[in-house]
Amino acid sequence: NAGVMQNPRHLVRRRGQEARLRCSPMKGHSHVYWYRQLPEEGLKFMVYLQKENIIDESGMPKERFSAEFPKEGPSILRIQQVVRGDSAAYFCASSGSNYEQFFGPGTRLTVL
Amino acid sequence: GEDVEQSLFLSVREGDSSVINCTYTDSSSTYLYWYKQEPGAGLQLLTYIFSNMDMKQDQRLTVLLNKKDKHLSLRIADTQTGDSAIYFCAETVYGQNFVFGPGTRLSVLP
C-alpha cells in the first residue's frame, strides 16, 4: 500500500511564474490536507479538502493560492505569480475515516 | 484561535530518557498527536491519544495527557542517536483543522 505521494519533490520557479504541487493520497483516503512549513518553523494549516469539495480553507492566503481535489486524479495546490516569500516546504497529508493523518514527503519550493 | 506550544530545543545523552512537553489551548480537542520529522523528510506519525485517555504506551514511547492542565508529554525511553529529530505535537477537534506546535528539536549526545 503506497503512502502519500507528492510531486515534484523539488520545484524551482522564478518570481511571477506559477507553481503546481500535486498530492496523491493513500489508497482509500478521501480527505486531503495541505500545510506549509517555512524554514525552521512548524507546520501551518492551509486547506482541507474532500473529493470535489473544499471543507476548510481558513489557512489559505486570500490571493494567488488555490487548491482542488477533483473526482479523478491528485489534489493540486496552485500558486500563481510566485514571490520569494512563497519559498517553503509544502506538505500534503491524507486521512480516511479515523483521525490519523499520514504525510507525504513534501515539495520544496524555491523562488528565485 | 487555538494554539499549541512546545519548548524549541532539548538535549539528552544516549541511553537517557527524553521528555518532550506540549501545551494546548483548545479544551474541545479530541485527538492529540506526536509526529517525528527527520531532516529533509515529511512527518511520521509516532502515536496519538484520545482526549478521554490519560496515558498510552507503545514500546519506548509513553504519552501522558493531563486534560485539566491541557498538557501533553512524550517520553522516549533509552534515547538513541536515531531519535534525533524534530518532534511536533498536534491537536484536532473531530479531524478538521489540525493545529501543530512549533516543534521540539531533540539532540541526542553520544
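Residue count for the stretch B:60-93 under the criterion of being within 9 Å of the chain's Cα centre (by Cα) and not basic (Lys, Arg): the result is 8.
The residues in the stretch A:1-25 that are open to solvent by 30 Å² or more (accessible area, probe 1.4 Å), within 12 Å of chain B (Cβ to nearest Cβ) and assigned to a loop (DSSP other than H, G, I, E, B) can be counted, and the count is 2. Residues in the stretch B:74-110 that are assigned to a strand (DSSP E or B), open to solvent by 10 Å² or more (accessible area, probe 1.4 Å) and either farther than 13 Å from residue B:11 by Cα or without any contact (Cβ under 8 Å) to a residue 24 or more places away in the chain (or both): B:75, B:93, B:96, B:97, B:99, B:100. Among the residues of the stretch B:53-71, at least one is of a type outside the set (D, E, K, R), on the phi > 0 side of the Ramachandran plot and free of Cβ contacts under 8 Å to residues at least 40 places away in the same chain. Name the single residue that is modelled with the lowest pLDDT among those in the stretch B:44-55 being more than 12 Å from the chain's Cα centre (by Cα) and in a strand (DSSP E or B). This residue is B:50.
Which residue is nearest to residue B:66 (Cα to Cα), if the candidates are limited to the stretch B:28-37 and must be more than 7 Å from every other protein chain (Cβ to nearest Cβ) and within 14 Å of the chain's Cα centre (by Cα)?
In the first step, residues of the stretch B:28-37 are kept if they are more than 7 Å from every other protein chain (Cβ to nearest Cβ); the result is B:28-30, B:32-37.
Then drop every residue that is not within 14 Å of the chain's Cα centre (by Cα), which leaves B:32-37.
Values: B:32: 11, B:33: 14, B:34: 15, B:35: 19, B:36: 21, B:37: 25 Å.
Here the residue is B:32.
Remark: pairs (first residue in the stretch A:29-41, free of Cβ contacts under 8 Å to residues at least 40 places away in the same chain; second residue open to solvent by 40 Å² or more (accessible area, probe 1.4 Å); Cβ separation under 8 Å; 6+ apart in sequence or on different chains) = A:41/B:102. Count of the stretch A:60-112 residues, restricted to those that are within 14 Å of chain B (Cβ to nearest Cβ), without any contact (Cβ under 8 Å) to a residue 24 or more places away in the chain and either among the small types (Gly, Ala, Ser) or over 22 Å from residue B:44 (Cα atoms) (or both), is 2. For the stretch B:56-98, the set of residues classified as within 14 Å of another protein chain (Cβ to nearest Cβ) and under 17 Å from residue B:8 (Cβ atoms) consists of B:85, B:86, B:87, B:88, B:89, B:90, listed by residue number.
Residues in the stretch B:99-110 that are touching a Leu at 6+ places or on another chain (Cβ under 6 Å) and within 14 Å of another protein chain (Cβ to nearest Cβ): B:100, B:104. Any residue in the stretch B:11-20 that is modelled with pLDDT under 95, open to solvent by 50 Å² or more (accessible area, probe 1.4 Å) and of a type outside the set (Lys, Arg)? Checking the stretch B:11-20: not a single residue is modelled with pLDDT under 95, open to solvent by 50 Å² or more (accessible area, probe 1.4 Å) and of a type outside the set (Lys, Arg).
Name the single residue that is modelled with the highest pLDDT among those in the stretch B:31-43 being open to solvent by 20 Å² or more (accessible area, probe 1.4 Å) and not aromatic (Phe, Trp, Tyr). Before you say what the answer is, go through the steps one by one.
From the stretch B:31-43, those open to solvent by 20 Å² or more (accessible area, probe 1.4 Å) are B:31, B:36, B:38-41; that's our starting set.
Right, trim to not aromatic (Phe, Trp, Tyr) and you get B:36, B:38-41.
Values: B:36: 95, B:38: 91, B:39: 85, B:40: 81, B:41: 84.
My answer is B:36.
Selection of the stretch A:26-58 for residues being facing chain B (nearest Cβ under 10 Å) and open to solvent by 50 Å² or more (accessible area, probe 1.4 Å) yields A:40, A:41, A:44, A:55, A:58.
The values are calculated or read from the model by the stated rules, or taken from the named source; none is laboratory data. Bear in mind the structure is a predicted one, so any value in this text is a computation, not a measurement. Reconstructed Cβ throughout: ideal geometry from the backbone, glycine too, with neighbour counts over all protein chains shown. Keep in mind that these areas ignore ligands, DNA and RNA; they rest on the heavy atoms of the full protein, side chains included. Shrake-Rupley method; radii C 1.70, N 1.55, O 1.52, S 1.80 Å.
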